[in-house]
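Working notes for the structure below.
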Amino acid sequence: MPKFEVSKRDLEGLVGKEFRVDEWDDLFLYAKCEMDDVREEDGEVYFKVDSKDTNRPDLWSAEGIARQIRFALGLERGLPEYRMEKSRVTVYVDEKLRDIRPYGVYAVVEGLELSEEAVRQMINLQEKVALTFGRRRREVAIGIFDFDRIKPPVYYRAAEKDEKFVPLGFTEELTLEGILERHEKGREYGHLIRDRPLYPLLVDSEGKVLSMPPIINSEVTGRVTTETRNVFVDVTGWDLKKIMLALNVVVTALAERGGRIKSVRVIYPDFEIETPDLTPKAFEVDLEYIKRLSGLELGDGDIKDLLERMMYRVELEGGKARLLYPAFRDDIMHARDVLEDVLIAYGYNEIEPEEPELAVQGRADRFVEFEDAVRELMVGFGLQEVMTFNLTNAEAQYGKMRLEPGEGNSLHPPSDLVEIENPISPKWSALRVWLTPSLLDFLSQNTHEEYPQRIFEVGKVTLIDEERETRTVSESKLAVALAHPRVTFTEAKEILESVMRHLGFEYELRELDHPSFIPGRAGRVVLNGEEAGIIGEIHPEVLENWGIEMPVAVFELFLKPLYREPYI
């Protein structure tokens, strides 16, 4: 969860009201945050804040927190509105960036008066959004520049590796390749673009470099200070919808500081857009649903009042609430998300808890306890646990694994994918049927880290089962991946044998010919005559597909056949 520090004086200036230090504990709850600590420095009080919602990047700064508190207290109501004009700035996006870092969205914010605290919050928001929401700049990277030092139009283009500019914090020019080797941010994030034939570069009409996304800004244009009045905001990544949301978060935060937002025309090879897009988003919720699940005595007017204090424009009609909510939010996917906002505005501390009248006592599910025991066992073997997403796509589950849908043995993959009808992103368009691609994806994102890398996951897969009412079944699995220069089938087998021995099972290995594995170095794990898993060395072509330069050995097991009490 994002953690950051905010000034009490700055927050109060943004809210428009002063509060005692002890009142802020409850105020932060409106912004889904908790206060971790309070410190005083030179007469100023600072709060260390822990955000509890990774789906609300708009709440990861003083501006966002203050805005939410202002509305929750009723100092403002309804949908926040931001006036936007056209800036007459155009950005041209190079077609060669399609397979490097294809998308960029932009804005101009003018008329700022930035204190040192405001600059600090701006940098904090920029970093937190890129780190958490942007998955360490892989999917979202943000640059903020002194607009008065830029001569439009601006060009987001692919550049040769020997081109030069002065990166932020340096006084000498470095080649783009040299920045990846010598600059701190280059060493930290260089793996995101190092294997590309060309590197992304943002330049103005005079050839002046703004930044090398997603690595570092230029010293000439990329240093924003208290003297800066107008800024140019750049967000790049792979998903246009995601980077647009990040841009909305940043520019509306700057607007809370008195900035005037101006849009930018972005011209791609095959289309053009105007950014940012601050058009409110729409949702509809049944009022009876809110009343029933909240457990509170709420009338229609009460619900309208509470929602207006959470930045919704509300129209009540026919037992429903038609809602408009801000473009910097993307977390409203179900009626329960709206219900959560109603409860936040009402105040969790104002709700009287009721003890349920049950004739039984609750306890953890036995199989869940078993899964936890398996996790402890794997950590004891010196492996690091990872947690990856259940959502994936056909390319990851099949294409990169040298498979066609439905190809392979009965376990991997067992059937076609369960696909999402209207996915938000092609990257998250299906539910996974095996864990091994998820572990390879993790390894591909950590090639810059030291080896050996020895990881495992206990996670769910979703399989098609036509006999069930839902036509699907969720199964728990264990997968292990070992990556280092000398890894072999034998090393993976040693861990597999240790797992089986500790769980009290005997097993056998049978030869397996599988496209994802090196021929002759793969096997089926057979338990009581039934297939329970797979083991082998990953095929070099699969490793190349994932951008992994180290050999990898894996095994993957269904956990239900291994469950019995006592477990270990």
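Each value in this text was obtained by applying a stated rule to the coordinates, not by laboratory testing. Source: prediction; values computed, not measured. Methodologically, a virtual Cβ is constructed for each residue, glycine included, from the backbone with ideal geometry; neighbour enumeration extends over all protein chains shown.
Would you mind checking Lys48/Lys427; Lys32/Lys128; Lys8/Lys241; Lys281/Lys320; Lys32/Lys281; Lys52/Lys128 for any pair whose Cα atoms are more than 25 angstrom apart?
In this structure, Lys48/Lys427; Lys8/Lys241 exceed 25 Å between Cα atoms.
Compute the separation of the alpha-carbon centres of segment 504-557 and segment 7-31 and state it in Å as a whole number.
Spelled out, the Cα-based centre of one part sits 56 Å from the other.
Pull out the extension gain between Glu419 and Val45, defined as 0.36 nm times the separation in residues minus the alpha carbon to alpha carbon distance; nm, one decimal.
Gain on extension, Glu419 to Val45, equals 129.6 nm.
Which order do the peptides 358-367, 474-483 take when ranked by the mean count of other beta-carbon atoms within 10 Å per residue, highest first?
Result, highest mean first: 474-483, 358-367.
Can you give the charge dipole size of the chain about its Cα centre, rounded to the nearest 20 debye, using +1 on the beta carbon of Lys and Arg and -1 on the beta carbon of Asp and Glu?
Using Cβ point charges on Lys, Arg, Asp and Glu, the chain gives about 1360 debye.
Short version: ³J(HN,Hα) in whole Hz for each residue of segment 21-27, in order, from phi by Karplus 6.51 cos²θ - 1.76 cosθ + 1.60 (θ = phi - 60°), x for Gly and Pro, what are they?
4, 5, 7, 5, 3, 6, 4
Would you mind calculating the relative contact order of segment 411-568 from Cα pairs under 8 angstrom and at least 6 residues apart, reporting the percent as a whole number?
RCO, segment 411-568: 22 percent.
To the nearest 20 debye, what is the magnitude of the charge dipole of segment 3-72 about its Cα centre, counting +1 on the Cβ of each Lys and Arg and -1 on the Cβ of each Asp and Glu?
Values: 12 positive and 19 negative charges, 78 e Å.
So the dipole magnitude of segment 3-72 works out to roughly 380 debye.
Run the simple label-point estimate for Glu85 and Lys208 please: 7 Å along Cα→C-beta, distance reported in nm.
2.2 nm
Specify which residue in the list Ile216, Asn390, Ala481 is farthest towards the positive end of the charge dipole of the chain, using unit charges on the beta carbon of Lys, Arg (+1) and Asp, Glu (-1), about the Cα centre.
Ile216
May I ask for the distance between the Cα centers of segment 354-374 and segment 150-198, given as a whole number of Å?
53 Å
State, to one decimal in nm, how far the label point of Asp148 lies from the label point of Phe381, with both points 7 Å from Cα in the Cβ direction.
Modelled inter-label distance: 6.2 nm.
Would you kindly state how much longer the chain becomes between Thr226 and Glu5 on full extension, computed as 0.36 nm times their sequence separation minus their alpha carbon distance, in nm to one decimal?
Gain on stretching Thr226 to Glu5: 77.7 nm.
I need the phi-derived Karplus couplings for segment 269-274: 6.51 cos²θ - 1.76 cosθ + 1.60, θ = phi - 60°, integer Hz, Gly and Pro marked x.
With coefficients 6.51, -1.76 and 1.60, one gets x, 10, 6, 9, 9, 10 Hz.
Where in segment 435-454 does the amide nitrogen come within less than 12 Å of the point 7 Å from the Cα of Arg486, taken along Cα to Cβ?
Of the residues in segment 435-454, 452 have backbone N under 12 Å from the label point off Arg486.
Listed highest first by mean packing, meaning other Cβ atoms within 10 Å per residue, what order do 120-126, 300-306, 79-85, 153-159 come in?
120-126, 153-159, 300-306, 79-85
I need Trp434, Trp60, Trp546 ordered by Cβ neighbour count within 10 Å, fewest first.
Neighbour counts put them in this order, fewest first: Trp546, Trp434, Trp60.
Assuming R0 = 22 Å, what is the FRET efficiency of Arg564 and Val368, from their Cβ-Cβ distance, to the nearest 0.05?
Once rounded, the FRET efficiency stands at 0.90.
Going by amide H atoms built from the backbone, whose H comes under 5 Å of the H on Glu5, apart from near neighbours?
Val49
Starting with the highest mean, order 457-470, 189-202 by the number of other Cβ atoms within 10 Å, averaged over the residues of each peptide.
189-202, 457-470
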